[in-house]
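Asks: This structure is in structure tokens; I'll ask about it shortly.
The values are calculated or read from the model by the stated rules, or taken from the named source; none is laboratory data. Keep in mind it's a predicted model, so treat the numbers as computed, not measured. Methodologically, a virtual Cβ is constructed for each residue, glycine included, from the backbone with ideal geometry; neighbour enumeration extends over all protein chains shown. Protein only, heavy atoms only, side chains kept; ligands, DNA and RNA dropped before computing areas. Shrake-Rupley method; radii C 1.70, N 1.55, O 1.52, S 1.80 Å.
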Amino acid sequence: MSRMAFWSFSSVPLVGLLSLFFTTAAAAASLRHGIIRNVPIFREAPAFRNGETCTADRVHVAMTLDGNYLRGTMAAIQSILQHSTCPENVFFHFLWVRHEAEVFLSIKSTFPYLNFKAYRFDTIRIRRLISKSIRQTLDQPLNYARIYLADILPSNVNRLIYLDSDLVMVDDISKLWGVNLNEKVLAAPEYCHANFTSYFTEAFWSNPKLAKTFQGRKPCYFNTGVMVVDMEKWRQGDYTQKVEDWMIVQKQKKIYRLGSLPPFLLVLAGNIEPIDHRWNQHGLGGDNVEGKCRSLHPGPISLLHWSGKGKPWLRLDSRKPCNVDHLWAPYDLCRSSGHSLEE
């Protein structure tokens with residue numbers, strides 16, 4: 001796959017003038033494409049600075065960028081910087097599908113000192129591979145961008161933390177960055193108590209050849225919303241193609257129902273480096289069908305993840321929050337919200 005185009009920003013003066021330009025251009029583009037979107041207005045975040053013990057080592061973080069989830073992205077960035085000992089060392093890589101100028105402006109004006117680049121994710125290749133899943137939001141091309149990180153990001157990015165937009169970090173990200181991958185391509189918390197067979201259909205398990213896929217390894221569920229990836233090993237092992245191959249099988253045989261997760265499991269389950277569960281307290285959005293509230297799992301917590309149907313900003317605004325949503329609220333920078341902490 002050829003290197004995909006990227007969009008990058010450096011320091012931007014004359015924010016008021018640019019705001020007028022971007023807003024006008026974005027409005028025109030929205031009208032042309034039939035898109036009407038109200039991007040929230042955010043408070044400017046504090047300038048987070050490095051501590052005295054920081055070195056020049058960078059921590060690379062990749063996230064997707066979508067206007068529909070921008071409020072979650074802002075809270076995630078805020079939480080990462082707030083709890084980092086060396087926030088100026090954190091470099092963000094944002095992947096986008098549709099260029100929304102007001103979204104880029106919001107990032108820049110909310111975090112004026114943020115180190116980041118934004119890259120266009122070309123969806124032509126992935127659209128032909130996506131199969132319908134149990135929830136329409138899971139079928140959006142941007143959900144599959146994590147498969148192509150090694151193709152999109154610069155080749156000198158050798159290690160990467162991938163994070164979803166519906167989470168907050170309550171610990172120093174450098175601890176997650178420093179986990180030992182032990183020669184594995186990917187590290188993430190494993191959940192071996194989960195019913196692994198339920199992630200695949202009867203068409204998968206009843207096919208003798210397909211059912212042997214996990215032979216010789218102990219497969220466990222892992223959530224792809226928090227991953228530490230060895231980018232060199234990913235490229236060398238051609239893991240992008242391996243994931244795509246399973247998506248082609250899915251098109252033909254309907255072997256799963258859950259979007260971008262199952263092909264990752266088919267390729268990597270039972271062959272990742274398991275890390276402490278504290279790094280992904282997932283499922284806080286509730287189940288994928290009804291979005292019912294879930295409680296915290298016992299044990300220490302470094303990262304809270306609202307995976308599932310319900311998102312904390314929507315439930316808080318509707319005045320029908322789950323108890324765990326109040327743990328997200330302190331990182332919300334949206335000006336219109338009444339539950340954010342003041343600067």
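Asks: Looking at the structure I just gave you, is ASN195 modelled with pLDDT under 95 and of a type in the set (S, T, N, Q)? Give the derivation first.
Replies: On the way: modelled with pLDDT under 95: yes; of a type in the set (S, T, N, Q): yes.
Taking the combined requirement at face value, the residue satisfies it.
Residue-wise test of (1) farther than 21 Å from PHE200 by Cβ; (2) surrounded by fewer than 18 Cβ atoms within 10 Å (Cβ to Cβ).
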{"residue": "ARG128", "(1), (2)": "yes, yes"}
{"residue": "ASN143", "(1), (2)": "no, no"}
{"residue": "ILE147", "(1), (2)": "no, no"}
{"residue": "ASN158", "(1), (2)": "yes, yes"}
{"residue": "LEU167", "(1), (2)": "yes, no"}
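Asks: Kindly list, by first and then second residue, each pair from a residue in segment 129-140 that is in a loop (DSSP other than H, G, I, E, B) to a residue that is at pLDDT 70 or above and among the acidic types (Asp, Glu), limited to pairs with Cβ atoms under 6 Å and residues at least 6 apart or on different chains.
Replies: Matching pairs, first to second residue: ILE130/ASP139; SER133/ASP139.
Asks: Can you list residue pairs whose Cβ atoms sit under 9 Å apart, with the first residue in segment 257-274 being under 18 Å from CYS192 (Cα atoms) and at pLDDT 95 or above and the second being among the polar types (S, T, N, Q) and assigned to a helix (DSSP H, G or I)? Count only pairs 6 or more apart in sequence or on different chains.
Replies: These pairs meet every condition: PRO262/GLN250; PRO263/GLN250.
Asks: Please verify whether segment 160-172 includes one or more residues that are in contact (Cβ under 8 Å) with a residue 60 or more places away in the chain, assigned to a loop (DSSP other than H, G, I, E, B) and among the polar types (S, T, N, Q). Working first, answer last.
Replies: Start the filter on segment 160-172 by keeping residues that are in contact (Cβ under 8 Å) with a residue 60 or more places away in the chain, which leaves 160-172.
If we keep only those that are assigned to a loop (DSSP other than H, G, I, E, B) too, we end up with 164-166, 170-172.
Applying the additional criterion that residues be among the polar types (S, T, N, Q) yields 165.
The answer is yes, given that some residue of segment 160-172 is in contact (Cβ under 8 Å) with a residue 60 or more places away in the chain, assigned to a loop (DSSP other than H, G, I, E, B) and among the polar types (S, T, N, Q).
Asks: Follow-up. Out of all the residues in segment 68-81, is one or more of a type in the set (Val, Ile, Thr), under 14 Å from the mean Cα position of the chain (by Cα), closer than 30 Å to PHE200 by Cβ and modelled with pLDDT of 95 or more? Before you say what the answer is, go through the steps one by one.
Replies: From segment 68-81, those of a type in the set (Val, Ile, Thr) are 73, 77, 80; that's our starting set.
Those left that are additionally under 14 Å from the mean Cα position of the chain (by Cα): 73, 77, 80.
Pick out the ones that are also closer than 30 Å to PHE200 by Cβ and you get none.
Looking through segment 68-81, none of the residues is of a type in the set (Val, Ile, Thr), under 14 Å from the mean Cα position of the chain (by Cα), closer than 30 Å to PHE200 by Cβ and modelled with pLDDT of 95 or more.
Asks: Okay, next question. Would you list the helices (runs of 4 or more DSSP H) that sit entirely within segment 226-343 and hold 3 or more residues that are farther than 25 Å from ILE80 by Cβ? Spell out the reasoning first.
Replies: On the way: elements: 231-236, 239-253, 261-268, 312-317.
Output list reads 239-253, 261-268.
Asks: Can you find a residue that is farther than 19 Å from CYS192 by Cα, free of Cβ contacts under 8 Å to residues at least 12 places away in the same chain and either among the hydroxyl-bearing types (Ser, Thr, Tyr) or surrounded by 15 or more Cβ atoms within 10 Å (Cβ to Cβ) (or both) anywhere in segment 324-340?
Replies: Yes, the conditions are met somewhere in segment 324-340.
Asks: Which of (1) open to solvent by less than 10 Å² (accessible area, probe 1.4 Å); (2) of a type in the set (Ser, Thr, Tyr); (3) in a helix (DSSP H, G or I) does TYR119 not meet, given it meets every other one?
Replies: (3)
Asks: Using the structure shown, decide if GLU232 is of a type in the set (Asp, Glu) and at pLDDT below 95. Walk me through how you get there before you give the answer.
Replies: On the way: of a type in the set (Asp, Glu): yes; at pLDDT below 95: no.
So GLU232 does not fit the description; no.
Asks: When you go through (1) modelled with pLDDT of 95 or more; (2) in a helix (DSSP H, G or I); (3) charged (D, E, K, R); (4) farther than 25 Å from PRO274 by Cα one by one for ARG125, which number turns out not to apply?
Replies: (1)
Asks: For segment 72-86, name all the residues that are open to solvent by 10 Å² or more (accessible area, probe 1.4 Å), within 15 Å of VAL168 (Cβ to Cβ) and not small (Gly, Ala, Ser). Break it down stepwise before answering.
Replies: The first filter runs over segment 72-86 and keeps only residues open to solvent by 10 Å² or more (accessible area, probe 1.4 Å), leaving 78, 81-86.
Next, only the ones that are within 15 Å of VAL168 (Cβ to Cβ) stay: 78, 81-84.
Result: GLN78, LEU81, GLN82, HIS83.
Asks: Need pairs with beta-carbon distance below 8 Å; first residue more than 22 Å from ALA56 (Cβ to Cβ) and assigned to a loop (DSSP other than H, G, I, E, B) and within segment 83-111, second among the basic types (Lys, Arg) and open to solvent by 20 Å² or more (accessible area, probe 1.4 Å); sequence gap 6+ or separate chains.
Replies: Taking only residues 6 or more apart or on different chains, the pairs are VAL97/ARG120; HIS99/ARG120; GLU100/ARG37.
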